[in-house]
């Protein structure tokens, strides 16, 4: 049966059944349409706000399948979305009516401990990468939630618990294999296609489909000193000012994030605090555990905490500590700012917003960055936010569609109030699908070069389901 598919110019095209059958026969993976068992599962992504129905889904088993899918899309002028292995808050991993190139089954991880290298396919999650690398006491600096996909995280920059010690994920990326908009597989690194390699380190999925990542590994763990210190929210303003002072001179081994929300029913919290507003200091020390006790002491001495559960813990376990708060199936809307400093005015905005929380799963993160990541020149990679010491993420999360206006409105109001105190750039992986007009500002001084590279590698803007950089 012929298939009607969405085209790049927002029209529709009938693609005959013979062409679809020829694509399917060329693959190791499979082609799904809405009549195929498993179609609904394949089109469902982490953010439940996204409910789209692709015309076709190509579940790729390897780079050859990706090449075939891209060539098929180009031959028929189809709208394309690319799905990796993780969250994709904006929902760009799936499109209505077009072709989804699904990489989530490409799960290979190969570690060479002697060379300190790992080769990773694009369907791999942080948990899967960590399990392979930590078997050798090694790690790639990635994010803070183990169900995140390595591919999307990396292409947007990538920061987490050990970024201050080892740099961003892209600072540890040595090479990529990438399928271009022409359907060619090329290698990109500092000497081969260096302009493409530069753009892929922070430029998102705009320039091609990465089918393999080569990372530098670092010795870490298997245990780190990590955990939570939970405070009553009434103390938040003073705690944040003390936090700002302490982390300003923190060693690179130490990272401390702030979470502000209603307390979930954590077993180490008194039951009477469940559901009440709290401020959480979430910290990880990536060096010697004994040294970490000293490095975290001042942070842990602040105020009158309800609980302090910082201690030696497996790094793999710490990477998964926030997974229950970010499980699939909820509706999510995020707004983010980069902050060069946590000013008194910004603190006032943030603390006021917690008094207006629209639901028990809504929260504000303050990500602590800088360190090694901040000592890389702005022009070294496409990722421009090297001077940001903090990343603010307003995370609205809820269950019922009827709550959309309230929760989205809360996030937007807080974002607007914080804007005068922010740097102007943004972490593209935290941007929702309605912020296309913010992309140029997010990349700051690197945007023009990105647009020029986009023109050379994807002049027709085939790869547009992303935080899109328009070809010059």
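The values are calculated or read from the model by the stated rules, or taken from the named source; none is laboratory data. All of these numbers come straight from a predicted model, not from anything done at the bench. Every residue, glycine as well, gets a Cβ built from its backbone with ideal geometry; the counts of neighbours run over all protein chains shown.
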Where residue 338 falls short, out of the listed (1) in contact (Cβ under 8 Å) with a residue 40 or more places away in the chain; (2) surrounded by fewer than 16 Cβ atoms within 10 Å (Cβ to Cβ); (3) out of contact with any helix residue (DSSP H, G or I) (no Cβ under 8 Å at 6 or more places or on another chain): (2)
Selection status of residue 110, surrounded by fewer than 22 Cβ atoms within 10 Å (Cβ to Cβ) and under 21 Å from residue 140 (Cβ atoms): yes
Selected residue [outside the structural domain of residue 324 (by TED's automatic domain parsing), modelled with pLDDT of 95 or more and farther than 30 Å from residue 403 by Cα] from 75, 42, 48: 75
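How about the stretch 407-436: which of its residues are outside any loop (DSSP other than H, G, I, E, B), surrounded by fewer than 16 Cβ atoms within 10 Å (Cβ to Cβ) and modelled with pLDDT of 95 or more?
Within the stretch 407-436, 409, 413, 416, 419, 420 qualify.
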Enumeration of residues in the stretch 226-250 that are surrounded by 15 or more Cβ atoms within 10 Å (Cβ to Cβ) and outside any helix (DSSP H, G or I): 226, 227, 228, 229, 230, 231, 232, 250
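Can you give me the number of residues within the stretch 186-225 that are in a loop (DSSP other than H, G, I, E, B) and out of contact with any helix residue (DSSP H, G or I) (no Cβ under 8 Å at 6 or more places or on another chain)?
3
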Residue match in the stretch 446-465 (condition: in contact with a helix residue (DSSP H, G or I) (Cβ under 6 Å, 6 or more places away or on another chain), on the phi < 0 side of the Ramachandran plot, surrounded by 19 or more Cβ atoms within 10 Å (Cβ to Cβ) and assigned to a loop (DSSP other than H, G, I, E, B)): yes
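Output the residues belonging to the stretch 267-281 that are out of contact with any helix residue (DSSP H, G or I) (no Cβ under 9 Å at 6 or more places or on another chain) and buried (at least 17 other Cβ atoms within 10 Å of the Cβ).
Selection gives 269, 273, 280.
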Out of 311, 303, sole residue that is touching a residue at least 60 places away in the same chain (Cβ under 8 Å) and under 30 Å from residue 132 (Cα atoms): 311
Some residue of the stretch 128-137 being in a strand (DSSP E or B) and touching a strand residue (DSSP E or B) at 6+ places or on another chain (Cβ under 7 Å): no
Count of the stretch 1-33 residues which are more than 21 Å from residue 328 (Cβ to Cβ) and not in a helix (DSSP H, G or I): 23
So residue 73, is it over 28 Å from residue 369 (Cα atoms) and either touching a strand residue (DSSP E or B) at 6+ places or on another chain (Cβ under 7 Å) or outside any strand (DSSP E or B) (or both): yes
Matching residues in the stretch 282-303 - criterion: being surrounded by 14 or more Cβ atoms within 10 Å (Cβ to Cβ) and out of contact with any helix residue (DSSP H, G or I) (no Cβ under 7 Å at 6 or more places or on another chain): 282, 287, 289, 291, 292, 293, 295, 296, 300
Boolean, residue 65 is out of contact with any helix residue (DSSP H, G or I) (no Cβ under 9 Å at 6 or more places or on another chain), assigned to a helix (DSSP H, G or I) and surrounded by fewer than 18 Cβ atoms within 10 Å (Cβ to Cβ): no
Restricting the stretch 265-278 to residues that are under 28 Å from residue 220 (Cβ atoms) and touching a residue at least 24 places away in the same chain (Cβ under 8 Å), the residue that is nearest to the chain's Cα centre (by Cα): 266
Residues located in the stretch 368-399, provided they are without any contact (Cβ under 8 Å) to a residue 24 or more places away in the chain and not in a helix (DSSP H, G or I): 377, 386
